[in-house]
Protein chains: 2
Amino acid sequence: MSKLEAVGIITEYNPFHNGHLHQLNVIKEKAPTACIVVVMSGNFLQRGEPACLDKWTRAKEALANGVDLIIELPPQACIQPADRFAFNGVNGLASLGVDYLVFGAEHAEYDFMNYASQVQGLKGEFKKYNQSYAASIQAAITQALGHELAEPNDLLALAYAKANLKLGSPLKLQPIQRIQAGYHELALKAGQQIASASAIRSNYQQGRLAELRTYVPHETYVDLSDNSLVFWDDFWPFLRYKLLTTTPKELANIYGMAEGIEYRLVQKANELAHGSSFDDWLHAVKTKRFTYTRLARLAIAMLLNLQTEDITSYNEAPYFRLLGFTKRGQEYLNAKKKQFTYPLVTKVTQKDAKGPLAVDYRVGKLYQSLTGKEQDLKKAPLRIF
Amino acid sequence: MSKLEAVGIITEYNPFHNGHLHQLNVIKEKAPTACIVVVMSGNFLQRGEPACLDKWTRAKEALANGVDLIIELPPQACIQPADRFAFNGVNGLASLGVDYLVFGAEHAEYDFMNYASQVQGLKGEFKKYNQSYAASIQAAITQALGHELAEPNDLLALAYAKANLKLGSPLKLQPIQRIQAGYHELALKAGQQIASASAIRSNYQQGRLAELRTYVPHETYVDLSDNSLVFWDDFWPFLRYKLLTTTPKELANIYGMAEGIEYRLVQKANELAHGSSFDDWLHAVKTKRFTYTRLARLAIAMLLNLQTEDITSYNEAPYFRLLGFTKRGQEYLNAKKKQFTYPLVTKVTQKDAKGPLAVDYRVGKLYQSLTGKEQDLKKAPLRIF
């Protein structure tokens, strides 16, 4: 690899843990001089939940542990079904002239680009009214490939590959075998140093902060100790308020609203007992046609007042946001920035309360209303040299 | 007075105190057999604030202290400038066939109906951009009457008289001299048993519950002891959330929004420091053209998502809501209800989540989301016999 070669990762770092560090170390071993470019979700995540630590804190953890350049995927690009999310992430890396995309997969031996060409354009039959869209697509993929592809990171990998194919294959894909922690595993396993981000958050919520020391780098441990992590229930009073006072008709323009589900979302909020949680509401609204993840994402879209036209505007004019860089990241920026395909926004100011960055502005203000930490105004990209 | 004669009052009872009790006693002395009919604001009040106790609690206090029939003025009728509020209250009493309207005034000797005929149709000149509408109207009234009419209860009395005139004078007006406590006085005065509702709330907030025993009937004292009173700051996180996530364009349909003030309301919310209160925001948005009361009412309209069409619909088809009655109140209802001009709603059910009672339903749900006490569903009118 030449000095200016770049390796890209699409992440959430929610929070940054030893599994992420392991991935960076594998990259550094194979390409010691490459610039590691990360596209990270901001304060709200693809699966429909708030980030447990704000984007600046997570970016700092990443830069302290080997990432060279960290870019935010704006909320309109994150709060999306997996395929759209993957496309936006790949598009971001491609826009920045990145050469390789590294990702964890349960089956790193799979040829995902080949799979992508087999399933490109596939749509679920979507005739069965008791089946979710995800399940329907899943069945179609199995049929096309001749075997199941069901594990979460493998599926995400396929989504990256499809996005890459669609963009004319600007990136070379480099799967890394996932080790130790399963994506959904919530228990910490003795004798291991890697746990899933879900397990880390779940154990934090249960008050087992001290036990997390083994599973996260020092910077993350300090952040977990110094901050009150943010969870859905912190925002739930606001969403509940919105559901109680907004008519279904007013919710119809929210991105992702479909099949009249807005009536059910409002009705179930009205019927909840006093003191009910976000999960109580989610369980009450669940139907066979809507997965929990889809409903949670819809909930985030409502919370953020993300309207269909916000998404359309973003898709027509994508942009990304610079969160921070190391010295190597800065060199990369200086050498390549003139070739970037899309704008790389370096600041959000008071003027952006309206205009193309209005969503970033308002989403930052909302997250900030909980934590008290400025998310946008007067924030310059982090420089960790 | 015949047995079925009714004396009406328009109130807030926020909370019911000795001044209110005094007023009822004066009425009972003069008309011992009359039915005392009260039209009361519900859970949100005309001056743009939540009621400190819910409407059922306040209705119970009133019925326990001499009121015979208590009717709620729906939110669309309450969250209104004083003239509209007064009209809706008078309209409610007239609709119920009430004969007299009793109210406190700083100058009970004034002939308010006569004044009303002198100022009917007056509009403020409203040319001066540094003057509020209220101040402008005030100047016009002074000019018409030849003397100032500036004290709050006198002004409200004039508004009642104007409303009565407009409706063809169905009610006879009976001013009562206000005693002891001024409307805006916040201090409790030793040796007196009457304090303003503002003074009572303010002292409660300062933790002086025990001192309030002198100023309120027993029932109210128990309610003040058993409940956590509700104030604007309890709802402020919801309004702040709304201001942070809603575009000014989406706020333009809120009732009372004018002159593009929505841009300022949103901007000032965005600029507030972390932990700022409702009052901080109100002070930040204040301009010479908008009084505090008008802004607070606008804030309630935003909080409740009261849209211009909600008000129009109410004005086209007014209704009132039965909260409770004594035996005498029940007799009055039985004798007169066939002659009532407008619907007297006795229950709100799940079906009313949409339709003409949708505002009542949602406003109840919102208030209830704080207190945990059911406001509408399964609530039958109180019967205190």
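Does B:R58 meet the test of being among the basic types (K, R) and open to solvent by 20 Å² or more (accessible area, probe 1.4 Å)?
No, not satisfied.
Does the stretch A:349-383 hold any residues that are among the β-branched types (V, I, T) and either outside the structural domain of A:C52 (by TED's automatic domain parsing) or at pLDDT 95 or above (or both), and which are they?
Within the stretch A:349-383, A:V359, A:V363, A:T371 meet the criteria.
With respect to A:R208, is the statement that it is out of contact with any Ser or Thr (no Cβ under 7 Å at 6 or more places or on another chain) and either in a loop (DSSP other than H, G, I, E, B) or surrounded by 15 or more Cβ atoms within 10 Å (Cβ to Cβ) (or both) true?
Considered against the rule, which asks whether it is out of contact with any Ser or Thr (no Cβ under 7 Å at 6 or more places or on another chain) and either in a loop (DSSP other than H, G, I, E, B) or surrounded by 15 or more Cβ atoms within 10 Å (Cβ to Cβ) (or both), A:R208 comes out as yes.
Restricting attention to the stretch A:225-235, does a residue exist that is assigned by TED's automatic domain parsing to the domain that holds A:E12 and over 24 Å from A:P75 (Cα atoms)? Yes - at least one qualifying residue is present in the stretch A:225-235. Against the condition within 23 Å of the chain's Cα centre (by Cα) and either within 18 Å of A:K242 (Cα to Cα) or open to solvent by 10 Å² or more (accessible area, probe 1.4 Å) (or both), how does A:Y314 come out, does it pass? Answer is no for this residue.
For B:G89, the stated conditions hold: it is under 20 Å from B:F320 (Cα atoms), buried (at least 24 other Cβ atoms within 10 Å of the Cβ) and at pLDDT 95 or above.
Which residues, taken from the stretch A:300-352, are more than 26 Å from A:R84 (Cβ to Cβ) and aliphatic (A, V, I, L, M)? Answer for the stretch A:300-352, where residues must be more than 26 Å from A:R84 (Cβ to Cβ) and aliphatic (A, V, I, L, M): A:L333, A:A335.
This table checks each residue for (1) among the β-branched types (V, I, T); (2) surrounded by fewer than 17 Cβ atoms within 10 Å (Cβ to Cβ); (3) more than 21 Å from B:T312 (Cβ to Cβ).
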site	(1), (2), (3)
B:T220	yes, no, yes
B:D223	no, no, yes
B:L229	no, no, yes
B:F235	no, no, yes
B:R240	no, no, yes
B:T246	yes, no, yes
B:E250	no, yes, no
B:M257	no, no, no
B:V266	yes, no, yes
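For the stretch B:268-291, indicate whether the set of residues that are away from chain A (no Cβ under 13 Å) and in contact with a strand residue (DSSP E or B) (Cβ under 9 Å, 6 or more places away or on another chain) is non-empty. No. Taking the stretch A:317-330 as the range and being touching a Ser or Thr at 6+ places or on another chain (Cβ under 8 Å) and open to solvent by 20 Å² or more (accessible area, probe 1.4 Å) as the test, no residue passes. Being within 22 Å of A:R201 (Cα to Cα), in contact with a Gly (Cβ under 7 Å, 6 or more places away or on another chain) and in the same structural domain as A:I176 (by TED's automatic domain parsing): is that true of A:A105 here? No; evaluated as a whole, the condition is false for this residue. Here B:Y255 passes the criteria (1) in contact (Cβ under 8 Å) with a residue 12 or more places away in the chain; (2) within 8 Å of chain A (Cβ to nearest Cβ) except the one numbered (2). Among all residues of the stretch B:297-308, there is at least one that is of a type in the set (G, A, S), within 21 Å of B:S41 (Cα to Cα), part of a helix (DSSP H, G or I) and touching a Phe, Trp or Tyr at 6+ places or on another chain (Cβ under 8 Å). Here is the figure for the stretch A:25-52: residues that are open to solvent by less than 10 Å² (accessible area, probe 1.4 Å) and under 13 Å from the mean Cα position of the chain (by Cα) total 12.
Condition check ((1) more than 25 Å from B:I27 (Cα to Cα); (2) at pLDDT 85 or above) across all residues:
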position: B:G124; (1), (2): yes, no
position: B:S136; (1), (2): yes, no
position: B:E148; (1), (2): yes, yes
position: B:P152; (1), (2): no, yes
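Annotation for the stretch A:215-227: at least one member residue is polar (S, T, N, Q) and either at the interface with chain B (Cβ under 9 Å from one of its Cβ atoms) or without any contact (Cβ under 8 Å) to a residue 24 or more places away in the chain (or both). Taking only the stretch B:369-385 into account, find how many residues are without any contact (Cβ under 8 Å) to a residue 60 or more places away in the chain and either under 14 Å from B:V230 (Cα atoms) or facing chain A (nearest Cβ under 8 Å) (or both). Count: 2. Look at the stretch A:268-295 and say how many of its residues are open to solvent by 10 Å² or more (accessible area, probe 1.4 Å), over 23 Å from B:Q350 (Cα atoms) and touching a residue at least 24 places away in the same chain (Cβ under 8 Å). Looking only at that region, the number is 5. For the stretch B:338-354, the candidate set comprises residues that are of a type in the set (V, I, T) and under 22 Å from B:I36 (Cβ atoms); within that set, the residue that is least open to solvent (accessible area, probe 1.4 Å) is B:V345.
Select, from A:L188, A:L173, the only residue that is crowded, with 16+ Cβ neighbours inside 10 Å and assigned to a loop (DSSP other than H, G, I, E, B). Among A:L188, A:L173, only A:L188 is crowded, with 16+ Cβ neighbours inside 10 Å and assigned to a loop (DSSP other than H, G, I, E, B). Set side by side, the residues A:V359, A:V348 differ, and just one is assigned to a loop (DSSP other than H, G, I, E, B) and within 27 Å of A:L63 (Cβ to Cβ), which is A:V348. Open to solvent by 60 Å² or more (accessible area, probe 1.4 Å), away from every other protein chain (no Cβ under 14 Å) and either under 26 Å from B:L229 (Cβ atoms) or among the aliphatic types (A, V, I, L, M) (or both), is that true of B:A335? Spelling it out, it is not the case that B:A335 is open to solvent by 60 Å² or more (accessible area, probe 1.4 Å), away from every other protein chain (no Cβ under 14 Å) and either under 26 Å from B:L229 (Cβ atoms) or among the aliphatic types (A, V, I, L, M) (or both). Quick check: anything in the stretch B:344-361 closer than 30 Å to B:D279 by Cα, at the interface with chain A (Cβ under 10 Å from one of its Cβ atoms) and of a type outside the set (V, I, T)? Yes, the stretch B:344-361 contains at least one residue that is closer than 30 Å to B:D279 by Cα, at the interface with chain A (Cβ under 10 Å from one of its Cβ atoms) and of a type outside the set (V, I, T). All told, B:P32 meets the bar of being without any contact (Cβ under 8 Å) to a residue 12 or more places away in the chain, of a type outside the set (D, E, K, R) and either assigned by TED's automatic domain parsing to the domain that holds B:K172 or more than 23 Å from B:L357 (Cα to Cα) (or both).
The combined condition, being closer than 30 Å to A:L303 by Cα and either of a type outside the set (D, E) or modelled with pLDDT under 95 (or both), is not fulfilled by A:Q120.
The values are calculated or read from the model by the stated rules, or taken from the named source; none is laboratory data. Model, not experiment: these values are computed from the prediction. Cβ: placed from backbone, ideal geometry, glycine included. Neighbour counts: every protein chain shown. Ligands, DNA and RNA are stripped out before the accessible areas are found, and what is left, the full protein with its side chains, is counted by its heavy atoms. Shrake-Rupley method; radii C 1.70, N 1.55, O 1.52, S 1.80 Å.
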